[in-house]
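Bear in mind these aren't lab numbers, they're just calculated from the coordinates by the rules spelled out. A quick note: this is a predicted structure, and the numbers were derived from the prediction, not measured. A quick note on method: Cβ atoms are made from the backbone with ideal geometry, for glycine too, and the neighbour counts reach across all protein chains shown.
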Amino acid sequence: MLAETGRRNAALTGLRRLVANDFGLFRRDSLFLASLAILGCTAVALGDVPRAQAILTKLAPYATRNLIQGVPVGWGSAAWHLVSGARDSFQ
């Protein structure tokens, strides 16, 4: 939301905080993988290549899974997020 409303510096600060310490602020629960995918989209939108790479690395082992969040919200396959993030990060 911060990135989409023009608060780029705040968004970058939040992104860096969430990626820090091996994503230490995230619980490893049923929301974790979808949260990584959303965070990856944010990193790409902000052009933060180092964070995008860290997120893609963390998400890579789950490439064959579909990502579900909430009651339920589908975010598609992890593989799509991996390819999309990698493509957009290196353009």
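Toward the positive end of the charge dipole of the range 8-89, about the Cα centre and with charges on Cβ (Lys, Arg +1; Asp, Glu -1), which of LEU18, ILE38, VAL83 goes farthest?
Farthest towards the positive pole: LEU18.
Using only Cα atoms and rounding to the nearest 10 degrees, what angle (0 to 90) does helix 78-89 make with the longest principal axis of the chain?
For helix 78-89, the angle is close to 20 degrees.
Can you grab the distance from the C-alpha centre of the range 2-26 to the C-alpha centre of the range 70-91, Å, no decimals?
18
Can you give me the long-range amide H partners of TRP75? Hydrogens built in the peptide plane at 1.01 Å from N, cutoff under 5 Å, separation of 5 or more residues or another chain.
LEU67, ILE68, GLN69
Using the Karplus equation 6.51 cos²θ - 1.76 cosθ + 1.60 (θ = phi - 60°), what ³J(HN,Hα) coupling, rounded to whole Hz, does each residue of the range 10-19 give in order, writing x for Gly and Pro?
5, 5, 5, 4, x, 4, 4, 5, 6, 7
Cα convex hull of the range 8-89: how many Å³ per residue?
Numbers: hull volume 7.1 nm³, N = 82.
It is 86 Å³ per residue.
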